[in-house]
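Chemist: Handing you this structure, nothing more for now.
Just so it is clear, none of the values below were taken in a lab; they were calculated from the coordinates. On a predicted model such as this, the values are computed, not experimentally measured, just so you know. Because the Cβ atoms are built from the backbone with ideal geometry, glycine has one as well, and the counts that use them run over all protein chains shown.
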């Protein structure tokens, strides 16, 4: 494997098409302002390096990055790349990850609007993120100990698992399918509308109008805080351990809750049972 240490690159396609290269303590920055430094490469290892130019890792197959920084000027850093493992990396440019597959990210920091669109297979651990439209239309996500601050996150995702995560994000999990979230905190309004086959287990959910228009929704031993107008027109099986402000027109299924401030029934198709304490309530 060719080793490149302590060099600077600013020209267009500086290392284009390289196969088997190890890059250490290098800078991709400078007045030439060149793009696509490592486009169409294979078997690339990068450590302790700095990226301040656009599109460095497009169409790369076999990539390892550690201890490196991609600045806010490093736009669209990884597109169409596969088999990448990244640890202790700063992803600070917009649209940093898109249409990639078999990705692992650990111990990293993401500040990147529109991060992670249309990704097929991503494992993320011990990572913090700030993003809008985070991970949209991606599948096979496996997240553990990930914190997120954002908007419109995880929309249209499929076949994914989340554990021990902390999400502060409005409009999360809209249209999600086949997703399990365990031991996590999800804060934000309008959670998971139009989702299908989504399960929350041992989670804390807070925010207005959560979990509406859902199919085959499950809540197992979950807390719901500041939740009003919940479960509207949803097919749901839920065990909630905290009082809920209001529940509106659940379509079918069962909701167990210790206390509810108001039950709204103004839709004749609302047949879901609400069990308050140990009593079934069909209140209107």
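Chemist: Restricted to Cα positions, what overall size does segment 38-171 have along the principal axes? Three whole-Å values, descending.
Modeler: Principal axes ranked by extent give 35, 25, 20 Å for the Cα atoms.
Chemist: Have a look at the DSSP beta bridges in segment 148-284 and tell me what percent are antiparallel, nearest 5.
Modeler: Of the beta bridges lying entirely in segment 148-284, close to 5 percent run antiparallel.
Chemist: If you take every DSSP beta bridge whose two residues both sit in the chain, what share of them, in percent to the nearest 5, is antiparallel?
Modeler: Expressed as a percentage, antiparallel bridges in the chain total about 5.
Chemist: Separate question: What is the calculated FRET efficiency for residue 107 to residue 194, with r their C-beta to C-beta distance and R₀ = 35 Å, to the nearest 0.05?
Modeler: 0.55
Chemist: Taking 7 Å along the Cα-to-C-beta vector as the label spot, tell me the residue 226-residue 137 distance in nanometres, rounded to one decimal.
Modeler: 3.2 nm
Chemist: Order by neighbour count: 162, 231, 57, fewest other Cβ atoms within 10 Å first, most last.
Modeler: Ascending Cβ contact count within 10 Å gives the list 162, 57, 231.
Chemist: Here is a follow-up. What FRET efficiency comes out for the pair residue 126/residue 48, r = Cβ-Cβ distance, R0 = 25 Å, nearest 0.05?
Modeler: So, using R0 = 25 Å, E works out to roughly 0.80.
Chemist: Moving on to the next point. Sorting 51, 167 on the 10 Å Cβ count, fewest up front, what's the list?
Modeler: 167, 51
Chemist: I'd like the distance separating the alpha-carbon centroids of segment 115-149 and segment 38-53, in whole Å.
Modeler: Using only Cα atoms, the two centres lie 21 Å from each other.
Chemist: Ranked highest first by average number of other Cβ atoms within 10 Å, how do 14-20, 117-123 line up?
Modeler: 117-123, 14-20
Chemist: Rank the residues 145, 271 as a footprinting-exposure proxy: fewest other Cβ atoms within 10 Å of their Cβ go first.
Modeler: Placing the least packed residue first, the sequence is 271, 145.
Chemist: A further question on this structure: Using a simple spin-label model with points 7 Å from Cα along the Cα→Cβ vector, what separation in nm is obtained for residue 266 and residue 3?
Modeler: Label at residue 266, label at residue 3, 7.3 nm between them.
Chemist: Over the Cα atoms of the chain, what Rg and Dmax result, in angstrom?
Modeler: In Å, with Rg to one decimal and Dmax whole: 22.4, 73.
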